[in-house]
Every structure is written in C-alpha cells, then in structure tokens.
Amino acid sequence: MSEILITKDEAVLTLSINRPAKMNALTRAMYADLAKGLNDAAGDFGIRCVVISSEGDHFTAGNDIKDFMENPPTDEDSDVGVFLGALLNFPKPLIAVVKGNAVGVGTTMLLHCDVVVASPTANFSMPFTSLGLVPEAGSSYLFPQLVGYQRAAKIFFTGEAFGADEAKEMGLVASIAADAHAEAMKIAQQIAAQPPQAIINTKALLKARQHDAVAAVMRAEFQLFSMALQSEEAMEAFMNFMAKKGSK
Ligand code: COA
C-alpha cells in the first residue's frame, strides 16, 4: 500500500498521507510522491484543485527523524527540497485538511496552502529549535508575516504548540469543522466549478508579491537547516527521540 494515496473525485485530486503507524511522519519517498502528485496535477487540465489530507488520527508528525539522521537532505534537489519547490510553485488552489498533530513541515506546508480546514482536534507545532534546527519551507518569512514578529518569535523560540482555535484566529486556518474532510471537499468542489483560468490567474496575483522573497528565504533556510541537521545539537535531540521510543 502506497504511503501517499492519490484519489480523484471529478476535478479534485486528493493526496493523502498514509503512514498512520508512524503518525504519518514523512520519509524521502513520501516527499518524492507528494512532489510528483503536485507536479502532475499542475500539468493536468482535468485537475482544478488539490486537497492534501491524511489517514488515521493525525496530519503528520513532520519529517521522519530516522530518515533525517540516515539521509540528511543537503540541497534543494533533495526530495524534501523538490517537494517544497512544488508547493511554492503550485499554480492551482491547494486545500489542506488537518486533524490531530501537525508537526514541523506539517504546519509550515500550510503557509503555502490557499485554504486550510482544521478539525477541532488539530494541534500545530514547529519545534525546530528544540531539535537543534531552524525553521524551513519559507516559514521564517511567512509565519511572522501572518502573525506578527513577536508572536512568531515566541512560537519558534519556545516550540510551543497551539490548537485549532488559535490557528484560526491567526489566519493559519480558514475554518474549523467537525467533519473537516467533508468541509474541505465541499470547498474544493465549489472552487473546481469556477472558471479555471480565472482561478489560476487569481492565485498567481495573490502569490505574486511574495513569491520571489519566499524562494530566496527558502534557499537560505535550506543552507542553515542542512548544516544544523548535522550539528551536535540536532544529533542529541534526535538520539533522545530514538532512545525514548526504544524505551517504550
Ligand atoms: N519520525 C519518525 N517516527 C515518528 C515521528 C517522526 N517525526 N513522530 C512519531 N513517530 C512514530 C513514533 O516513533 C511511534 O512509532 P513506534 O510506535 O513504532 O515507536 C509512532 O510514530 C507514534 O508516535 P509516539 O511518539 O508514540 O506518539 P505520542 O503521542 O507519544 O507523541 C509526538 C506524539 C508528535 C509528540 C511525538 O511522536 C514526537 O515528538 N514526534 C517527533 C516530532 C518531530 O520532532 N518531528 C520533526 C519536526 S522537524
């Protein structure tokens, strides 16, 4: 069974993260599949909107820590780099449905989505500094822009988590729904029924102001992130996570 499920409902494509036994932690292969799914959808006239969703009780626990330790990504051509590039440049509406934990890239990828629908169980966190890392996916630019510098700095520096209500108040999610998946599909079908070229042009206009700045920030983040991944601080944090799991 693939760890990224791809389904099509008329003009809406869903990419669903499917590794619930590991809280949907993302491996290199999963990033590659997500990037391919996005890039294929971008070029497919039959697809007008993409939904990123998940199986099980959680969105994703972020990057797979074991994979990170064994195969640290070193440049933008890595699978995670290609996925982030596909996300930044995706020309059609992108909707995310979040339930349970959305850790690390599970939260930062939402900053690139056009509409995020959260379940009341959603719990967002970006514990990069706690792991000896730095923010990624353009979040060091996009998150302070969204919530204000000090609030972003506090969240990045402490690694504190926040729930669906706070995420909605921040503007990180558009709505909270008990059946978040059904709500997201309803919005996706509504968008898919609109004139497609007008939608693509509107998204291009909405993103134009920040696109190049985000691309530059992503490059800088990547350099620091890949160095940090090999630092003692990160190694210690990763070993602690693995040791905790081993002792369970
Ligand atoms: N990478 C690899 N495996 C992960 C993972 C990750 N990022 N997050 C969770 N898992 C695995 C756990 O090892 C566990 O598998 P196991 O049962 O085979 O040991 C399973 O998913 C469930 O996770 P568990 O830690 O038991 O759940 P929890 O409810 O106690 O804790 C979290 C949830 C999210 C707090 C905890 O899993 C965690 O801190 N994960 C790491 C998150 C992270 O740092 N991501 C990277 C951000 S850059």
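The values are calculated or read from the model by the stated rules, or taken from the named source; none is laboratory data. Being a predicted model, the structure only gives us computed values, none of them experimental. Here the Cβ positions follow ideal geometry from the backbone for every residue, glycine too, while neighbour counts run over all protein chains shown. Accessible surface areas use protein heavy atoms only, side chains included; no ligands, DNA or RNA. Shrake-Rupley method; radii C 1.70, N 1.55, O 1.52, S 1.80 Å.
Could you list, in sequence order, the residues of the range 53-70 that are more than 13 Å from the ligand (Cβ to nearest atom) and either part of a helix (DSSP H, G or I) or more than 29 Å from Thr202 (Cα to Cα) (or both)? Result: Glu55, single match. Scoring Ala161 on the criteria (1) closer than 28 Å to Ile65 by Cα; (2) touching a residue at least 12 places away in the same chain (Cβ under 8 Å); (3) away from the ligand (no atom under 16 Å from the Cβ) leaves a single failure, condition (3). Scanning the range 71-83 for residues that are within 13 Å of the ligand (Cβ to nearest atom) and in a helix (DSSP H, G or I) returns a single hit, Val80. Exactly one residue out of Ala174, Ala184 is away from the ligand (no atom under 16 Å from the Cβ), out of contact with any helix residue (DSSP H, G or I) (no Cβ under 9 Å at 6 or more places or on another chain) and closer than 26 Å to Phe143 by Cβ: that is Ala184.
Contact map, the range 184-205: residues that are closer than 13 Å to Phe45 by Cα paired with residues that are of a type outside the set (S, T, N, Q) and surrounded by 13 or more Cβ atoms within 10 Å (Cβ to Cβ), Cβ distance under 6 Å, separation 6+ or inter-chain. Pairs shown: Ala192/Ala11; Ala192/Val12; Ala192/Arg48; Ala192/Cys49; Pro196/Arg48; Ile200/Pro91.
Which of the residues belonging to the range 93-103 are within 16 Å of the ligand (Cβ to nearest atom) and either of a type in the set (Lys, Arg) or in contact with a strand residue (DSSP E or B) (Cβ under 6 Å, 6 or more places away or on another chain) (or both)? Walk me through it before giving the result.
Within the range 93-103, the subset within 16 Å of the ligand (Cβ to nearest atom) is 98-103.
Within the range 93-103, Val98, Lys99, Asn101, Ala102, Val103 qualify.
Quick one: in the range 128-141, of everything that is open to solvent by 10 Å² or more (accessible area, probe 1.4 Å) and under 16 Å from Ala213 (Cβ atoms), which residue is farthest from the ligand (Cβ to nearest atom)? This residue is Tyr141. When the range 7-18 is filtered for residues that are surrounded by fewer than 16 Cβ atoms within 10 Å (Cβ to Cβ) and in contact with a helix residue (DSSP H, G or I) (Cβ under 8 Å, 6 or more places away or on another chain), the ones remaining, listed by number, are Asp9, Glu10.
Identify the residue in the range 19-31 that is surrounded by fewer than 18 Cβ atoms within 10 Å (Cβ to Cβ) and in contact with a strand residue (DSSP E or B) (Cβ under 9 Å, 6 or more places away or on another chain) and, among all such residues, is farthest from Val98 (Cα to Cα). Break it down into steps so the answer makes sense when it comes.
From the range 19-31, those surrounded by fewer than 18 Cβ atoms within 10 Å (Cβ to Cβ) are 20-22, 29; that's our starting set.
Pick out the ones that are also in contact with a strand residue (DSSP E or B) (Cβ under 9 Å, 6 or more places away or on another chain) and you get 20, 29.
Numbers: Pro20: 14, Ala29: 21 Å.
Among those residues, the one meeting the criterion is Ala29.
Residues that are farther than 20 Å from Tyr141 by Cα, part of a helix (DSSP H, G or I) and more than 11 Å from the ligand (Cβ to nearest atom) within the range 214-242 comprise Glu232, Glu233, Met235, Glu236, Met239, listed in sequence order.
Evaluated against (1) more than 14 Å from the ligand (Cβ to nearest atom); (2) in contact (Cβ under 8 Å) with a residue 12 or more places away in the chain, Lys36 falls short on exactly one condition, (2). Residues of the range 104-127 that are near the ligand (Cβ under 10 Å from one of its atoms) and over 19 Å from Val50 (Cβ atoms): Gly104, Asn123, Ser125, Met126, Pro127.
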